[in-house]
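Q: Dropping the structure in here first, questions after.
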Amino acid sequence: MKKVDYIIVGLGLAGLAFVRELEKNNKSFIVFEDDSQHSSKVAGGMYNPVILKRFTPVWDAKRQLEIALPFYKELEEKFNATYDIPMDIGRLLTSIEEQNNWFATSDHPLLSDYMIPKIETKTYTGIESPFDYGKLTKTGRIDAKILLNDYRNYLVENECIYFEAFNYEVIQFENNIVKYQDVEAAKIVFCEGFGIKRNPFFNYLPMREAKGELITIHAPELEIDFVLKSAVFILPLGEHNFLVGATFNWKDKTNNPSEEGKNELVEKLDKIISVNYKVIDQVAGIRPTVKDRRPLIGTHPKLPQLAILNGLGTRGVMIAPTVAKELYKHIECGETLRKEIDIARFD
Ligand SMILES: Cc1cc2nc3c(=O)[nH]c(=O)nc-3n(C[C@H](O)[C@H](O)[C@H](O)COP(=O)(O)OP(=O)(O)OC[C@H]3O[C@@H](n4cnc5c(N)ncnc54)[C@H](O)[C@@H]3O)c2cc1C
């Protein structure tokens, strides 16, 4: 029997962030990963503390960014790779009223570090911008796909990941420990994203998952070096390739790219750009969004050996490192979780 401190189910952004906490604290672990969910792998990966519909602060964003950016930097150093790609965001403004709102909110104490308090009037080939842009700075994108791939390989080298579906039915509970196949552990932390639906211990939690699709286009004449945000975002990937997204679909629960998703994105894109382009890729995943739009963190109400880190919603890149720390301190040091993230709010 292999003895470890933790079993982790799922290696998306949530699982990765928790595993990092374990490593930093010299805890042993085994990860189970079955590739049933794709959210972290397909995510746009953007981090941005401003809600661009209404120019309001994203919940808890300042604290999250203070933890997240050093978190990714440390991983860049560990793997000698680049994951954080700083990139400004240009919000295409649609009226004089929006211009005024941009000015009015740009000195908000939580936003003034990011919202540049002037209107950007530069024009770009193939983009109509009669009301110009509001620009955000200190924003960017984490290449979660490459990061997860590097982390996976590292766990393979260290022989602490099993590529198989975790089978909830065969957990044995004994005093303060759990046994699962040939592994004995003190705790299991479930980080399955939308996979939570298969988890009989935590599927009572009110996830309101939202499928999202993205396309990649090749547009040789498009010359933007910032993320353009309008009805969709257009994110430069280099070599005139751009990521365009994303859709929100609350009915389709599959990870498959759809014709409907592509058409929706193309239709919206055609209203923003008038240059030629070709769709060269399409991906889809299910965002683990929650009824009250807050993460699902905590230990099971009756089975203290089981914990959960989920509900990262539309902003896993920013949220994961902060809530992983909070869950770790809750489990290991008995620290009380903030009410708004604690799953006890649904007891
Ligand atoms: C189209 C799209 C665009 C997005 N854009 C952004 C963005 O720009 N910025 C941002 O911050 N966020 C974005 N998100 C949201 C972000 O992707 C999520 O918040 C985050 O990925 C959730 O991470 P997670 O680890 O909880 O879930 P997941 O990434 O779904 O990971 C769960 C993992 O658990 C595994 N698993 C599940 N069940 C089992 C089981 N029984 N046994 C073994 N393994 C299991 C799955 O295979 C998966 O690898 C986007 C999401 C989508 C879909």
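The values are calculated or read from the model by the stated rules, or taken from the named source; none is laboratory data. Just so it is clear, the structure is predicted and the values come from calculations on it, not from any experiment. Cβ coordinates were reconstructed from backbone atoms using ideal geometry, including for glycine residues, and neighbour counts include every protein chain displayed. Only protein heavy atoms, including side chains, enter the accessible area calculation; ligands, DNA and RNA are left aside. Shrake-Rupley method; radii C 1.70, N 1.55, O 1.52, S 1.80 Å.
Q: Please give the per residue accessible area of the chain, computed with a probe of 1.4 Å over protein heavy atoms only, in Å². Let's see the in-between values first.
A: Working: 16030 Å² over 347 residues.
That works out to 46 Å² per residue.
Q: Ok, one more. Between helix 144-157 and the chain, what is the angle of the helix's C-alpha long axis to the longest principal axis, kept within 0 to 90° and rounded to the nearest 10?
A: Approximately 30 degrees, to the nearest ten.
Q: So how many Lys-Lys pairs in the stretch 123-205 land under 26 Å Cα to Cα, not counting same-chain pairs under 8 apart? Can you show the working numbers first?
A: Numbers: K145/K197; K179/K187; K179/K197; K187/K197.
Count of close lysine pairs: 4.
Q: Continuing with this model, one more query. Setting aside same-chain residues fewer than 8 positions from K329, which aspartates and glutamates have a Cα under 12 Å from its Cα?
A: Candidates past the 8-residue exclusion: E21.
Q: Exactly which trypsin sites (Lys or Arg not before Pro) in the stretch 242-297 are in a DSSP loop and have at most 12 other Cβ atoms within 10 Å?
A: Details: sites: K251, K253, K262, K268, K271, K278, K291, R293; in loops: K251, K253, K271, K291, R293.
Within the stretch 242-297, the qualifying trypsin sites (Lys or Arg not before Pro) (loop, at most 12 other Cβ atoms within 10 Å) are K251, K253, K271, K291.
Q: Could you name the aspartates and glutamates whose alpha carbon sits less than 16 Å from that of K302, not counting residues in the same chain fewer than 8 places away?
A: Partners found: E174, D342, D347.
Q: Could you tell me which GluC sites (Glu not before Pro) in the stretch 303-347 are loop residues by DSSP with no more than 15 other beta carbons within 10 angstrom of their beta carbon?
A: Working: sites: E326, E332, E335, E340; in loops: E335, E340.
Passing both the DSSP loop test and the Cβ count: E335, E340.
Q: A further question on this structure: Suppose we keep just the alpha-carbon trace of the chain; what are its Rg and Dmax in angstrom?
A: Every Cα atom of the chain included, Rg and Dmax give 21.0, 68 Å.
Q: So, taking all protein chains as they sit and a 1.4 Å probe, how much accessible area belongs to W59, in Å² rounded to tens?
A: Counting only protein heavy atoms, W59 exposes about 50 Å² to solvent.
Q: May I pose another question? Which aspartates and glutamates does K253 reach when only Cα atoms under 18 Å apart count, and residues fewer than 8 places away in its own chain are ignored?
A: D34, D35, E192, E209, E213, E264
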